[in-house]
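Peer 1: Got a structure here, written out as C-alpha cells. Questions coming.
The values are calculated or read from the model by the stated rules, or taken from the named source; none is laboratory data. Please read these numbers as outputs of a predicted model, since none were measured by experiment. Glycine gets a Cβ as well: all are built from the backbone with ideal geometry, and neighbour counts include every protein chain shown.
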Amino acid sequence: MTAPAAIRNWESKRTSETKEVEKLLRKKFQRVDCYRYNSASIRVRVIDESFEGLPREKRDSLVEKQLQLLPSETQRDIVTLLTFAPSELIKTSKSLREFMLNTEFEDPSPSLL
C-alpha cells in the first residue's frame, strides 16, 4: 500500500470559493490552481499551451474575460493572476521571472494579514 501524496502548502489554502474559480477557468484552460492567500487576497495560476508566445497582457486579458463571470466579491479579491505557458515552467534558465513567481505560488510566504 502506498502512502498518500503529501499536500502542498498552497493546496491547504483552497476554499469552496477558490474551487469555484478553478471550476470556471478549467472550462477554457488546461490547468488552473487557486487558493486564498489571506482574508483579502486570492491567487490564481493558469497554465495553458495557448499562452505560448503571447505577451502577458494578452494572456491576462483572455483569463480576465472568464473571471468577469464570477461574483464581484470574488473578483475583487483576486489580486494575483499568473499566466504561464507550460514551457515557461520547465525552462527556468530562460524565464527566471516566471520561475520565481511560480515558486512563490507553490510555497507562499507568510501573509502579514
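Peer 1: Confirm whether Arg56 is loosely packed, with under 15 Cβ neighbours inside 10 Å, touching a helix residue (DSSP H, G or I) at 6+ places or on another chain (Cβ under 8 Å) and modelled with pLDDT under 95.
Peer 2: no
Peer 1: To continue, here is another question. Under 7 Å between Cβ atoms, which residue pairs at least 6 apart in sequence (or on different chains) link something in segment 71-83 that is closer than 21 Å to Pro108 by Cβ with a partner that is aromatic (Phe, Trp, Tyr)?
Peer 2: Close Cβ pairs satisfying both conditions: Leu82/Phe105; Thr83/Phe51.
Peer 1: Taking into account only those residues within segment 25-53 that are buried (at least 17 other Cβ atoms within 10 Å of the Cβ) and of a type in the set (Ser, Thr, Tyr), which is nearest to Thr15 (Cα to Cα)?
Peer 2: Of everything passing the filter in segment 25-53, Tyr35 is nearest to Thr15 (Cα to Cα).
Peer 1: Considering only segment 18-55, how many residues are part of a strand (DSSP E or B) and without any contact (Cβ under 8 Å) to a residue 12 or more places away in the chain?
Peer 2: Going through segment 18-55 one residue at a time, the tally reaches 0.
Peer 1: If you don't mind, there's one more thing I want to ask. I'd like the residue in segment 56-70 that is outside any loop (DSSP other than H, G, I, E, B) and touching a residue at least 12 places away in the same chain (Cβ under 8 Å) and, out of all such residues, is farthest from Lys23 (Cα to Cα). Steps first, answer last, please.
Peer 2: So the first thing to find is which residues in segment 56-70 are outside any loop (DSSP other than H, G, I, E, B), and the list is 56-67.
Applying the additional criterion that residues be touching a residue at least 12 places away in the same chain (Cβ under 8 Å) yields 56, 59-60, 62-64, 66-67.
Working: Arg56: 22, Arg59: 19, Asp60: 18, Leu62: 16, Val63: 13, Glu64: 15, Gln66: 11, Leu67: 11 Å.
Selected residue: Arg56.
Peer 1: Let me ask something else. So Asp33 fits all but one of (1) over 16 Å from Asn102 (Cα atoms); (2) touching a strand residue (DSSP E or B) at 6+ places or on another chain (Cβ under 8 Å); what number is the exception?
Peer 2: (1)
Peer 1: To continue, here is another question. Any residue at all in segment 76-83 that is outside any loop (DSSP other than H, G, I, E, B), touching a Lys or Arg at 6+ places or on another chain (Cβ under 6 Å), surrounded by 12 or more Cβ atoms within 10 Å (Cβ to Cβ) and hydrophobic (A, V, I, L, M, F, W, C)?
Peer 2: yes
Peer 1: Filter segment 88-113 for residues that are in a helix (DSSP H, G or I) and over 16 Å from the mean Cα position of the chain (by Cα) and give the result. Before you say what the answer is, go through the steps one by one.
Peer 2: The first filter runs over segment 88-113 and keeps only residues in a helix (DSSP H, G or I), leaving 88-89, 96-106.
Leu96, the sole residue that qualifies.
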